[in-house]
Each structure stands twice: as C-alpha cells, then as structure tokens.
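Below is one structure, written out as structure tokens; the observations come after it.
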Amino acid sequence: MTGMGPRDFIQTARPAQWLKNAFVLAPVVFARSLDDPDALWRAVAAAALFSLVASGVYFLNDAGDAPRDRQHPTNRKRPIAAGRIGRLTGAAVGLLMMSAGIAIAGPMAIGLAATLGAYSGLNLLYSLYLKRFALVDIVVISVGFVLRAAAGALAIDVVISVWLLVCTFFVAMLIAAGKRRAELVHAGDGPSSTRPSLDQSSVRFFDSLLAGAAGATLVCYTLYTVAPETAVKFGGKGLILTMPFVAYGVWRYVQMIHSDESVENPTTAVMCNRGVQAAVLGWGVLVVAIIYGFGADLGGFIE
C-alpha cells in the first residue's frame, strides 16, 4: 500500500457527484430569494456542506466495499480497493468529513445540521446493511435527495412545497432505478459479487419501476405547477409552460436506458446529451423568468 496522494483523495471524494447537491439550491430559487444575498450565500454554503458530508459517505462506503470492489472490473481501480488508501484511513477520513460538515452547519441553522446528521446516519445504515435489499436501497437513495431539498429550505428558513419534495423523491427514484438496471445488465451471471441486492431483482422489475417513477414524476410536477398555492405565490399558472421540458428530460432518460444497454452509467450519459442539456437550460431559464417577474403575464390566459 502506498500513501494517499491528492489525486487519490479527490477521486474517492467524487467531486463529479457534487452536481447532485444542486437539489439543495432548489428552495432558494422557488422561494424567490435569488436576489437576496444572505439567502443565496446560505444556500450555496449548505450545498457545499452537503458535498463535504456526501464525500465523507463515499470514503466510508469505499472502505466497507473494498473486498467486493476488487471483484468489479471498474470499481477495483478505486484508491481504497486498489490499496493506495488503507481501509481504516479511508473510514477515518470519511468520519472526519461528515463530522466537520455537521459541526460547521450547526451555527448556520440547527435544522440544517440535523438534516446533515440524518443523511449521514441513513447512509451509514445503507452502507452497513440496507444496500443488501432490492428496492430498499433505491428508496434510501431517493430519501437522500429529499433531504437535500429539505436542507436547502432549512438553511434559508423557508417552507418548501410538499409537491416539490414528492417530485424530488420520484426524480431520484427514476435516476436510481436506471442506474441499478444498467448495473444488472452489465453484471452478467454474477451480480452478487458486486451488489447483492441485484440478485433479488430483474430487468423486468426495473423496467416497471422506471415506468412508475417516470409517470409519478410527471404527474406530481404537473400538479405542483397548477396548485392554487403555486398560482398565488407566483402570480399565475405560468409554471405549467415548463412541463414540456420536464417531460422531454424524463422520457429521454428512459429512452436512453432502453435503447443503449451498453451504457453502464445512464445518468452521466444523459447529462452529456446535448438535447437534455438544452432541455435543462430551457427549463431553468423559463422557471426563473416565470418566478421572478412574468408569472402573471405568462399564466394569465390559463384557467
């Protein structure tokens, strides 16, 4: 075993995965607080702390999974599995990062610290036990995304719509189900060697889960855009105009999973797709335009 170098540390921290913590920023957008410097700073700080804690979770998870990762054609290259970082060292670094994130969050907002603590505890249970069970691991991942959205709301002290929390849950379930399906397809005859929960699943099961999560995402988002409280808050029902972008993103994700089974990480593949990038950009621009000044004008003709 060699000493842990900066590259090994960065690789294990998985900075590319910090994109998931954009969910922490959703409340500051939908609370119409982007023009409030204090709220914006607190939201960005919350996202950074969530990234710190999430990276700590990766260190702990890799330390626990090292023996199994060594049997995986890709995961065996991870620094802990490859022996470049000791398992005890990785676990210690992970606990330090998680503890630091929670401790720093305390003075900012006790609710934020509690949410980070709940996320850490849930992921410890996941790493030690829950990830062995099919569907349970997907639910845990989805709840983790809901905690991200809740953390963003608690950081700036606003009430988040229950519809947005439900949408977040189903979007996360859609993403997780797609990733697990791809892992099952690539696992061949021995899924238990890399992820035991896949032994309890099938491609057909994940296809059903994908269809259900996709439908639930679209229905919940639509209901949120036309809810009376949404119309009152944003001066109209203009948010319904963003629905085509959401529908395209969801359907494109499902399409890519079914049409290209050579893709091992469909989430990364979809986000690199220019059509999806355009849809996300279009959705974001339109959401900001509607929420921050044109809600009544764009939604006034919609009953």
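The values are calculated or read from the model by the stated rules, or taken from the named source; none is laboratory data. Because the structure is a prediction, the values reported are computed rather than measured. Quick reminder, even Gly has a Cβ in these numbers, built from the backbone with ideal geometry, and neighbours come from all protein chains shown. Each accessible area value is taken on the protein alone, full model and side chains, heavy atoms only, with ligands, DNA and RNA left out. Shrake-Rupley method; radii C 1.70, N 1.55, O 1.52, S 1.80 Å.
Observations
- Of all residues in region 27-37, those being in contact (Cβ under 8 Å) with a residue 40 or more places away in the chain and either among the hydroxyl-bearing types (Ser, Thr, Tyr) or assigned to a helix (DSSP H, G or I) (or both) number 5.
- Where helices (runs of 4 or more DSSP H) fall wholly inside region 160-243, the ranges with 3 or more residues that are modelled with pLDDT of 90 or more are 162-187, 203-226.
- Subset of region 212-233 (residues that are closer than 24 Å to Ala31 by Cβ and crowded, with 19+ Cβ neighbours inside 10 Å): Thr217, Cys220, Tyr221, Tyr224, Thr225, Thr230, Ala231
- Of all residues in region 29-44 being open to solvent by less than 50 Å² (accessible area, probe 1.4 Å) and closer than 15 Å to Phe234 by Cβ, the one that is farthest from the chain's Cα centre (by Cα): Ser33
- Boolean, Leu147 is open to solvent by less than 50 Å² (accessible area, probe 1.4 Å) and hydrophobic (A, V, I, L, M, F, W, C): yes
- Selection within region 122-159 - of a type in the set (S, T, N, Q), touching a Phe, Trp or Tyr at 6+ places or on another chain (Cβ under 8 Å) and modelled with pLDDT under 90: none
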